[in-house]
Amino acid sequence: MRMFFSKTSQEVLGKLTYPPESASMVLGRIEGNFIRVDAIVPFEMPSQSEGRCIISVSEKLNNNAIGILHTHPHDEILPSDKDIETVSQIFPKRKAVIFMTEKKSGSWLINPFLLKNNKLTMLESVII
């Protein structure tokens, strides 16, 4: 799958805090073999447990939401079982992308994973 990150979404990435764990809603489109990221909207973090963010399954999502951008600053940049469970609950009837991110040398390494029918498929990594 190919991915495109709009200039606006890249600007938001530049402002995200790191290393605290964080999560954001990703707005855009998934069409065939193409993922377009139009905007990244950071979630309010109502709770942090042991340095980890907690996303409420009841988060109000925009109709253009295609997934979640999430950091694991102290672990591998792979979705945890809890991440997969939460995203499956937030997007119960449609495919979604979990964008796992890590900041390296001023750039973001993004490992995207397509989640469809509780099956996770790793896509090609991107550096922004």
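A short reminder: the numbers here are calculations on the coordinates, not readings from a lab. Keep in mind that what you see is a predicted model, and the values were worked out from it rather than measured. With ideal geometry, Cβ positions are generated from the backbone for all residues, glycine too; neighbour counts draw on all protein chains shown.
Here are a few things to note about the model shown:
- Around Ile127: net Lys/Arg minus Asp/Glu count, Cβ-Cβ under 13 Å: 0
- Charge dipole of the chain about the Cα centre (unit charges at C-beta), most positive-ward option of Leu61, Val87, Ile35: Ile35
- Share antiparallel - DSSP beta bridges, the chain, percent rounded to 5: 75
- Under 5 Å between amide hydrogens, built in the peptide plane, is the criterion, and for Phe5 it picks out Val37 among residues at least 5 positions away or on other chains.
- Taking amide H atoms as placed 1.01 Å from N in the peptide plane, the amide H of Leu61 has no partner under 5 Å among residues 5 or more positions away or on other chains.
- The chain, dipole about Cα centre (Lys/Arg Cβ +1, Asp/Glu Cβ -1), debye to the nearest 20: 500
- Cβ-based net charge around Leu114, under 12 Å, with every Lys or Arg adding one and every Asp or Glu removing one: +3
- Highest to lowest packing among 97-108, 115-126, scored as the average C-beta count within 10 Å: 97-108, 115-126
- For the chain, calculated [θ]222 nm from helices alone, where every DSSP H run of n ≥ 4 adds -39500 (n - 2.57): -4500 deg cm²/dmol
- Lys7 sits among other residues whose Cβ lies under 15 Å from its own Cβ, and their net charge, with Lys and Arg +1 and Asp and Glu -1, is 0.
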